[in-house]
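Enquirer: Once you've had a glance at the structure underneath, I'll fire off some questions.
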Amino acid sequence: MASKIRRWLRELAVWLLIGAAVSLAVDYFRQPALPQNVSATSLQTLDGRTLDLNAMSQQKPLLLYVWATWCGVCRYTTPSVASLAADGVV
C-alpha cells in the first residue's frame, strides 16, 4: 500500500512539474508586445491638450479604455476599470 502511495505521489509530482513547465512556456511566449507604431501615437483631448501615450506608459501601466453607453459588456466591466483607476493601478 505504501509503495502505491509513493508511486502515486511521484506521478503527481511529475505531472505538476510538467504543468508548471507548460505554464511558464505559455507565459513566456504570450509576453505583451506593443505594436511598432504605438510609440508614435498621440491623442488630443476634448480641451485641445495632446497626450503622448509612450510618455504616459513609462511610469505605470496605461489602460486606454474605450466604451459606449449602449454596450452591455462595457456596463459590466466599467466598475472594475473604475476600481483599478481609483486604486491607482492604471
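Enquirer: Looking only at the stretch 35-90, which residues are surrounded by 12 or more Cβ atoms within 10 Å (Cβ to Cβ) and acidic (Asp, Glu)?
Expert: Within the stretch 35-90, just Asp52 meets the criteria.
Enquirer: Something else about it: When you scan the stretch 68-77, do you find a residue that is out of contact with any Phe, Trp or Tyr (no Cβ under 7 Å at 6 or more places or on another chain) and modelled with pLDDT under 85, even just one?
Expert: There is no residue in the stretch 68-77 that is out of contact with any Phe, Trp or Tyr (no Cβ under 7 Å at 6 or more places or on another chain) and modelled with pLDDT under 85.
Enquirer: Tell me, please, whether a residue that is assigned to a loop (DSSP other than H, G, I, E, B) and modelled with pLDDT of 90 or more can be found in the stretch 36-47.
Expert: yes
Enquirer: Kindly evaluate Trp67 against the criterion of being touching a helix residue (DSSP H, G or I) at 6+ places or on another chain (Cβ under 8 Å), among the aromatic types (Phe, Trp, Tyr) and on the phi < 0 side of the Ramachandran plot.
Expert: yes
Enquirer: Could we say that Asp27 is assigned to a loop (DSSP other than H, G, I, E, B) and charged (D, E, K, R) here?
Expert: no
The values are calculated or read from the model by the stated rules, or taken from the named source; none is laboratory data. Keep in mind it's a predicted model, so treat the numbers as computed, not measured. All Cβ positions, even for glycine, are placed from backbone atoms using ideal geometry, and neighbour counts span all protein chains on display.
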